[in-house]
Amino acid sequence: MKSSASDFRRTSIPGRLKRLFAATMSLMDTSHTPPDVERLRALTGIKWRHFEDDVIPAWVADMDFPTAPAIIDALGSMVATSDFGYNGAAFDDSIPKAWADWSFTRFGWRPETERTKVLSTTLQPIAIALSLATSPGDGVLLFTPVYPPFFSIVKKLGRRVVEYPLNETGWRIEADRLRSAIDAGTRALVLANPHNPSGRSFDAAELKSVADVAEEYDLLVISDEIWQDFVYADGAGHIPFASLGADAANRSVIVTSASKSFSLGGLGCAVAYLGDAKVAEGIAALPPQLLGGVNALGAQATLAAWARGDQWLSGVVATLRANRDHLVSRLASELPEVAVQTPEATYLAWLDFRATSIAHDPAGRLLRDGRVGLSPGPDFGAAGTGFARLNFATYREVLDEVIDRIVRTVQAERL
C-alpha cells in the first residue's frame, strides 16, 4: 500500500532514508519497479510541479528514480550531524581526484587534476570560457538541434551563433560540412558529447574530424560531457574529447558532473577540465568570489557517487536501455508516422512528428489534448521544428501512460 504525499512529509528522516534506500535497491533488480507517483509529486523539483496535476511530465532531464544508496547514506549522515559548516575548499582536491579515477575506470582517460576546476554547474564554465576566449561579435558554432541554454549563453555574451545542422540521417558530424559552416569570425565551438537531444554517441571518427577542424581553424572546443555515463552501444563507450590527443586536450574545456547520472540536479557541483591555457589563466585571475563556491551537500553527493555509485548506475543504465527499447518498439508498431532513431546515449528520445497532423506544434498539442508534457522541439533551435523531446527515465507504468497519451492524441487527428 502506497503512502500519500502528506504521509511522506510526516515520515522521519531516517524513515525516508530507509524507504528511498529500498526503492533504489529494487531499481537495480528490475525495470518494472512500481512507480510512487505520490512521492514524485511531493518533491520540490520542477519536473512534476511545472504542469497541472493531470499532466504526465516527460520533459526536463531529471530521472524519476531515487538516487543511489551511497548518496542517500552520505547526505543522511550530514543532515544527522548538522554538518553544514564552511568546508568548500576541502573539495578542491578530492573531487578532481574522484573524477579522474571515475573517468579512467570507465573511459580510459585520466584528466589531470591540476587542470581541473570545481564549479557549481556545467553551464558556468561554458559561459566563463566563452567570455574569456572570445570577443563580442565572434562566432560560436553549435551542432543543432542542441541543448537550449547554449543559444542563450552565446547570445547574452554578445557572440554570434554559427549553426552546423546535424545530418538527420543518423545525426552525424561530417568534416566537409563542418568546414563549410565555419565563417571567418568563428572562434569556438560547443559540443554536446553525447548529444542532447538526438541521443547520438559520437564515434571516434566523428570526434577526430572535429579535433582536426578545430586545429585547422584554431578553435576553442568546449565539450559538455554531462551525459558521459549513459551510452548503450555494445562494445563502445563514451569518448572524452580531450582523450583524442595533445592538441585536442590543449584547446579544449571539458565539463561534466555526477548530477545527470545520479539525479543530483539541485545539488550544484560540477568539474571543468581547463586544457586551454588562455581559459585556465583567465579563470585563475578572476576573484574567487565571482565564481562562487561548491555546495557542500552537492560535493559530498558527488564524492559518494564517483566512489561508490557504480553498481547502482549499472542497474539504472539497464533499466533505461529497456525503457528505450520499449518506447521505440511501441512507437514503431502503434504510431509509425512518428519517427525516432534509437538513442545511442542519454535517456532522451527525439521524436519526429513532421509526418503527422500535429507537426506545427507537437509538444503544444500533446500538452493540450493528451495531457502529457514533452520538451518543444523549437527550443533546440530551428532544426527542432516538428520535433519534441521525450524523457524516458521513469517507471515503466509511467512511460506506458506517456506513450498511450501520445498514441491517442495523434490517432485522434487522423479521424
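The figures follow:
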{"quantity": "Unmet requirement for Lys260, which otherwise passes all of (1) within 20 Å of Phe392 (Cα to Cα); (2) modelled with pLDDT under 95", "calculated": "(2)"}
{"quantity": "Any hit, the stretch 290-302, residues being in contact with a Gly (Cβ under 6 Å, 6 or more places away or on another chain) and under 28 Å from Pro35 (Cα atoms)", "calculated": "yes"}
{"quantity": "Test: residue in the stretch 100-115 that is buried (at least 21 other Cβ atoms within 10 Å of the Cβ), in contact with a Phe, Trp or Tyr (Cβ under 6 Å, 6 or more places away or on another chain) and outside any loop (DSSP other than H, G, I, E, B)", "calculated": "yes"}
{"quantity": "Test: residue in the stretch 368-380 that is closer than 25 Å to Asn193 by Cα, outside any helix (DSSP H, G or I) and among the basic types (Lys, Arg)", "calculated": "no"}
{"quantity": "Hits in the stretch 362-391 (condition: under 18 Å from the mean Cα position of the chain (by Cα) and of a type in the set (Asp, Glu))", "calculated": "Asp379"}
{"quantity": "Residue list for the stretch 268-294, filter: at pLDDT below 95 and either polar (S, T, N, Q) or more than 13 Å from Ser131 (Cβ to Cβ) (or both)", "calculated": "Gly268, Pro287, Pro288, Gln289, Gly292, Gly293, Val294"}
{"quantity": "Hits in the stretch 42-79 (condition: under 21 Å from Val317 (Cα atoms) and of a type in the set (Phe, Trp, Tyr))", "calculated": "Trp59, Phe65"}
{"quantity": "Some residue of the stretch 125-132 being free of Cβ contacts under 8 Å to residues at least 12 places away in the same chain and in contact with a helix residue (DSSP H, G or I) (Cβ under 9 Å, 6 or more places away or on another chain)", "calculated": "no"}
{"quantity": "Residue among Val317, Val328, Val340, Val398 that is among the β-branched types (Val, Ile, Thr), within 18 Å of the chain's Cα centre (by Cα) and surrounded by fewer than 21 Cβ atoms within 10 Å (Cβ to Cβ)", "calculated": "Val317"}
{"quantity": "Any hit, the stretch 162-171, residues being within 23 Å of Gly298 (Cβ to Cβ) and crowded, with 19+ Cβ neighbours inside 10 Å", "calculated": "no"}
{"quantity": "Selected residue (criterion: surrounded by the most Cβ atoms within 10 Å (Cβ to Cβ)) from residues of the stretch 367-395 that are of a type in the set (D, E, K, R) and farther than 17 Å from Met63 by Cα", "calculated": "Asp379"}
{"quantity": "Candidates Ala236, Ala246 - the one that is at pLDDT 95 or above, surrounded by fewer than 23 Cβ atoms within 10 Å (Cβ to Cβ) and among the small types (Gly, Ala, Ser)", "calculated": "Ala246"}
{"quantity": "Qualifying residue in the stretch 391-402 (condition: more than 20 Å from Asp325 (Cα to Cα) and aliphatic (A, V, I, L, M))", "calculated": "no"}
{"quantity": "Unmet criterion (only one of (1) closer than 19 Å to Ala258 by Cβ; (2) assigned by TED's automatic domain parsing to the domain that holds Gly266) for Gly76", "calculated": "(2)"}
{"quantity": "Residue match in the stretch 355-367 (condition: farther than 30 Å from Asp234 by Cα, acidic (Asp, Glu), outside the structural domain of Pro240 (by TED's automatic domain parsing) and in a helix (DSSP H, G or I))", "calculated": "no"}
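The values are calculated or read from the model by the stated rules, or taken from the named source; none is laboratory data. Computed from a predicted structure; not experimentally measured. We place every Cβ from the backbone using ideal geometry, glycine too, and count neighbours over all the protein chains shown.
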